[in-house]
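Undergrad: My structure is below; once you've seen it, I'll send some questions.
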Amino acid sequence: MCRYVDVLPDPGRALSQLFTYRVPEALLASVGIGAQVLVPFGKRAVVGVVAGLRKETDRTELKDVEAVLEDAPALPEEALALARWMAQHYLCELGEALRPFLAEGMTYRIGRRFRITGEPIPPSVRKHADAGPLVRCLETAESEVGLPSLRRIVRGPGLYRGLRLLKSRNLVVERATLLPPRARARQVRVVEPAVGPEEIERYCKHTARRAPARAACLRAAAGEGPLRPAELASRAGVSVSAVQGAVKAGLLRERWTPVRRMPWGSARPEATAPPTLTPEQEEAVEAIGGAVDAGRADSFLLYGVTASGKTEVFLRALERVLMQGRQGIVLMPEISLTAQAVSIYRARFGDRVAILHSALSLGERWDEWQRIRTGEAAVVIGARSAVFAPAPSLGLIVVDEEHESSYKQEQAPRYHARDVALKRGELSGCPVVMASATPALESFYDAQRGRHHLLRLPTRVEERPLPRVRVVDLRGAGKRTPILSTPLRQAIAQRLRDGEQVILFLNRRGFATFLLCPVCGQSLRCPDCGVALKYHRDSRQVRCHHCGLAENAPDVCARCGGREIRLSGFGTERVERELTRVFPQARPGRMDRDTTARRGAHLRIVGRFRDAETNILIGTQMVAKGFDFPGVTLVGVISADTSLNLPDFRASERTFQLLTQVSGRSGRGAKEGEVIVQTYRPDDYSVQAAAEQDYEAFYHQEIAARRELNYPPFSRLVNLVVSGDEEREVAHRAEMLAEALTAAGAGRGVEVLGPAPAPIARLRRRHRWHVLLRGPAGEVQATAREALDKLGDREKSGLVVDVDPVSLM
């Protein structure tokens, strides 16, 4: 019997350790890993999560668990070990590392409510900038006022300053209340017969003429399970009031029943016969299946060209997992891909498929979380956060398109889902499959060294050829280079005549990339970030793509009053306009962050293109990832140079991956595909290798450059970014940080690069400097940890620590 528990109090806070509590006798039977408990913490009670059980402890003067709360989402068995690894590897607090395991809206909370004590309010307090508005609000309130309401009166730190002042003078009283989870099971009211079949028959026989509506309700209800009143009324051909009348007469009874919300809708895709596997697919399935059957924590890199049937390999491996009564997780890099994937997986596995991603409502996420936790759902599909799904019997993890940078979380904990998946597989004793046509250099390097089993799918299914790739050299095209070159225009025209589909790719959204006054040379820049504002013609706004600032586009120059504002550069919005001008008969659709902001927009855009309602899809990198459109026979890359010109050591790799992946959308059906790539740098090796669709040629050239410069995979990186309001202070703190890192890294083979202004030197009004650590795995984390331990809270304020960064921007 475990009489002690290790608890993470207040999961919303970034605490670095667990705290041990004693479990009273009455609560012993109800405490388990993942349970939510009410515990004393300091001078207040907080909600905590049980992360460990103990039979004994050498600690004395322990506090008791006050209550075990219901409806607690269970943590997977390996959650604590995985969170400890994340905290150590990504240099975050344990509380931050455990946070992704606790689904949003599913934890109890402590609410804070305030009321006036009745003591006289001094005039100085009434005039106080922060406390005064709070006093006026609390005096006029008929009862206690909650903290969310007070936040609308005084925003930011001023709210807490005002409350501290009022509490210090005994002018307000605070009361804590326990608030239930925001997400709950959905309950609906249903009706069902309150009498048996014989009584129903007798009633209908003798009273059908006097009360035909009630008799119809009984007949309809007798042949079905519980129905909602409106649904029963529709089936019986009566009004809802007639149903209510039958309830009042005691013929029907009402009750509440839980109903599952279905993020994908109720229609199940039609099942199709599995295709015949190629010899290479069979070899891959057997290798992965062998690890599944043996319960080995093996890792595989499935390197296969686009349209080589990687998904079918996943499906066959998951069949083996389900035969053993276990569960599988399939990670996708984009929410937009999950709809296509859910359709494929549900056609094979039916309602045993669950979906997890950030676009779900709290209620939908609650339902899916519970289905996974109880084992009702055996296959989990989702974006990066799905790697934390509460699957109690994990048998396989798949990381599809494993090279994608979107698997890296941008907020704490700054984890990479691929690496977390590998660690979770190790802890769970299950294999992990990483798959890509363009593997990350680190993954392919590790596979070459034997860390992962390398599986190859070198050809497309059904012996379909890879698309022909043509590189169009834009050099020498003059000052006004056309958006659509002559070869691309001719190819689009041919596809439109033949009734085929086209994808146009440009990794830049908006209409124009900057606005310039030709009179004084002033360009319009974000006042908070210092970067050029982008013009969006649909909304006639200029926007900052970093902080989200949006303003009406100016008609005159703010500096000189000039009335001729010139638009320069172009994005997907401008490409769409040019396309409709050149090809008025085309039916274009656009897929970028602007057009997919609303819920369900991904599905609508993809659905219209799949159903050929649109025949040209223009998009950013969203369209380059994993989509299977059999009607697409042409892909046009408007500018291959967008990512190539970034100040990042991964720029060539990203360019090669994007070009190869978007090229792979062409020719996936019966007709051969073509790709036209427009570029000012046709001789660059990343463009050349992408045109030849030769990953290994690119790999050998890029890995040689990485080895020479000692960049990953030959080292590990930690990027430390210091930010603040005053640039001089930020620069000084960055210098102090660099000195501490240099001292801590002595003798460890760790290089300290910087400090220097970050590539984006100002973001959301905060100046940014960074220091980059480069060195052996483990040593860079140890160096950073030792240096941070020696710095004070002031020096660490506004500091971001990013281990294994995918971007240095």
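Undergrad: Which entries of 534/796; 534/625; 43/408; 310/408 show an alpha-carbon separation above 31 angstrom in the structure shown?
TA: Pairs exceeding the cut-off: 534/796; 43/408.
Undergrad: Let me ask you something else. Based on the alpha-carbon gyration tensor of the range 344-484 and its eigenvalue square roots a ≥ b ≥ c, which shape applies: rounded if a/c is under 1.5, prolate if not and a/b is larger than b/c, or oblate?
TA: Prolate is the answer for the range 344-484, as a/c is 1.5 or above and a/b outweighs b/c.
Undergrad: Given 25 °C and 0.890 mPa s, how large is the Stokes-Einstein diffusion coefficient of the range 1-133 in µm²/s, with Rh as the Kirkwood radius over Cα pairs?
TA: Roughly 147 µm²/s, to the nearest whole number.
Undergrad: Determine the gain in length on full extension of the stretch residue 411-residue 748; use 0.36 nm per residue of separation and subtract their C-alpha separation, reporting nm with one decimal.
TA: Additional length available on full extension: 118.5 nm.
Undergrad: For the chain, with the dipole built from +1 on Lys and Arg beta-carbon atoms and -1 on Asp and Glu ones, taken about the Cα centre, which of 388, 445, 249 lies farthest toward the positive end?
TA: Value computed over the given set: 249.
Undergrad: Once the Cβ-Cβ distance between residue 714 and residue 807 is put in as r, and R0 is 25 Å, what FRET efficiency do you end up with, to the nearest 0.05?
TA: That gives a FRET efficiency of 0.85.
Undergrad: For the range 676-752, take every pair of Cα atoms, bin their distances at 10 Å starting from 0, and report each bin as a whole percent.
TA: Reading the bins upward from 0: 15, 26, 22, 21, 15, 0.
Undergrad: Counting Lys and Arg as +1 and Asp and Glu as -1, each charge on the Cβ, what is the dipole of the range 261-367 about the Cα centre in debye, to the nearest 20?
TA: Roughly 360 debye for the range 261-367.
Undergrad: For residue 88 and residue 205, calculate 0.36 nm times their separation in residues minus their Cα-Cα distance, and state this gained length in nm to one decimal.
TA: 34.6 nm
Undergrad: Given N residues in the range 250-308, what is Rg(Cα) / (2.2 N^0.38 Å)?
TA: So the Cα radius of gyration is 2.11 times the expected 2.2 N^0.38 Å.
Undergrad: Given a cut-off of 19 Å, what percent of all Cα-Cα pairs of the range 444-570 lie beyond it?
TA: 69
Undergrad: Need one number: nm distance between label points at residue 169 and residue 612, each 7 Å from Cα along Cα→Cβ, rounded to one decimal.
TA: Taking the simple label geometry, residue 169 and residue 612 are separated by 7.6 nm.
Undergrad: For a test of the definition: using alpha carbon positions, the gyration tensor, and the 1.5 limit on a/c, classify the range 520-616 as rounded, prolate or oblate.
TA: Verdict is oblate for the range 520-616.
Undergrad: As an exercise, use a Förster radius of 30 Å and the Cβ-Cβ distance of residue 555 and residue 760 to find the FRET efficiency, rounded to the nearest 0.05.
TA: FRET efficiency, residue 555 to residue 760: 0.55.
Undergrad: Run the Debye formula on the Cα coordinates of the chain, all scatterers equal and no solvent, and tell me log10 I(q)/I(0) at q = 0.06, 0.09, 0.11 1/Å.
TA: Reported log10 I(q)/I(0), two decimals: -0.50, -1.09, -1.46.
Undergrad: Follow-up. Calculate the length of the line joining the C-alpha centroid of the range 383-449 to that of the range 283-310, in whole Å.
TA: 14
Undergrad: Rank 640, 676, 618 by how far each Cα sits towards the positive end of the charge dipole of the range 596-703 (+1 on Lys, Arg Cβ; -1 on Asp, Glu Cβ) and give me just the farthest.
TA: Value computed over the given set: 618.
Undergrad: I would also like to ask the following. Within the range 488-518, list the trypsin sites (Lys or Arg not before Pro) lying in a DSSP loop whose Cβ has at most 11 other Cβ atoms in a 10 Å radius.
TA: Nothing satisfies the criteria.
Undergrad: If you don't mind, there's one more thing I want to ask. How many nm separate the modelled label positions at residue 493 and residue 541, each set 7 Å beyond the Cα in the direction of the Cβ?
TA: A separation of 3.8 nm, rounded to one decimal place.
Undergrad: Here is a further query. Around residue 10, which amide H atoms from residues at least 5 apart in sequence, or from another chain, sit under 5 Å from its own amide H, with H modelled in the peptide plane?
TA: 47, 48, 49
Undergrad: Taking a probe of 1.4 angstrom, what is the accessible area of residue 358 in Å², to the nearest 10?
TA: Roll a 1.4 Å probe over it and residue 358 shows about 100 Å².
Undergrad: Moving to a separate point now. In square nanometres, what is one fourth of the surface area of the convex hull spanned by the alpha carbons of the range 206-261?
TA: Approximately 4.2 nm², given one-decimal rounding.
Undergrad: If you build the Cα gyration tensor of the range 727-809 and take the root of 5 times each eigenvalue, what three semi-axes come out, in whole angstrom, biggest first?
TA: Output for the range 727-809: semi-axes of 21, 15, 11 Å.
Undergrad: I need the calculated FRET efficiency for the pair residue 685 and residue 235, taking r as the beta carbon distance and R₀ as 56 Å, to the nearest 0.05.
TA: Rounded to the nearest 0.05, the efficiency is 0.25.
Undergrad: Can you tell me, using C-alpha contacts under 8 Å and at least 6 residues apart, the relative contact order of the chain as a whole percent?
TA: About 9 percent, as a whole number.
Undergrad: Report, ordered by chain and residue number, the aspartates and glutamates lying within cross-link reach of residue 671, taken as a straight Cα distance under 18 Å and ignoring same-chain residues fewer than 8 apart.
TA: 462, 463, 498, 500, 611, 628
Undergrad: Could you sort 4, 303 by accessible area so the largest value comes first, with the probe set to 1.4 Å?
TA: Result, largest first: 4, 303.
Undergrad: If the cut-off is 24 Å between C-alpha atoms, which lysines fall inside it for residue 248, apart from same-chain ones fewer than 8 positions away?
TA: 205
Undergrad: Turning to a different aspect of this structure: Would you list, by chain and number, the aspartates and glutamates whose Cα falls below 17 Å from the Cα of residue 127, excluding same-chain residues fewer than 8 positions away?
TA: The reachable aspartates and glutamates, counting only those whose Cα sits under 17 Å from residue 127, are 119, 139.
Undergrad: Ok, one more. Report, by chain and number, residues whose modeled amide H sits under 5 Å from the one on residue 53, excluding near sequence neighbours (fewer than 5 apart, same chain).
TA: 6
Undergrad: Using only DSSP helix segments of four residues or longer, with each worth -39500 (n - 2.57), what per-residue ellipticity at 222 nm results for the chain after dividing by its residue count and rounding to 500?
TA: It comes out at -10000 deg cm²/dmol, rounded to the nearest 500.
Undergrad: I'd like the distance separating the alpha-carbon centroids of the range 194-253 and the range 1-31, in whole Å.
TA: 52
Undergrad: Got a sec? Charge dipole of the range 83-229, +1 on Cβ for Lys and Arg, -1 for Asp and Glu; which of 194, 86, 207 is way out at the positive end?
TA: Going by the charge dipole, the pick is 207.
The values are calculated or read from the model by the stated rules, or taken from the named source; none is laboratory data. No experiment lies behind these values; they were computed from the predicted model shown. Don't worry about glycine lacking a Cβ; one is built from the backbone with ideal geometry, like all the others, and counts go over all protein chains shown. Surface areas here come from the heavy atoms of the whole protein model, side chains and all, with no ligands, DNA or RNA. Shrake-Rupley method; radii C 1.70, N 1.55, O 1.52, S 1.80 Å.
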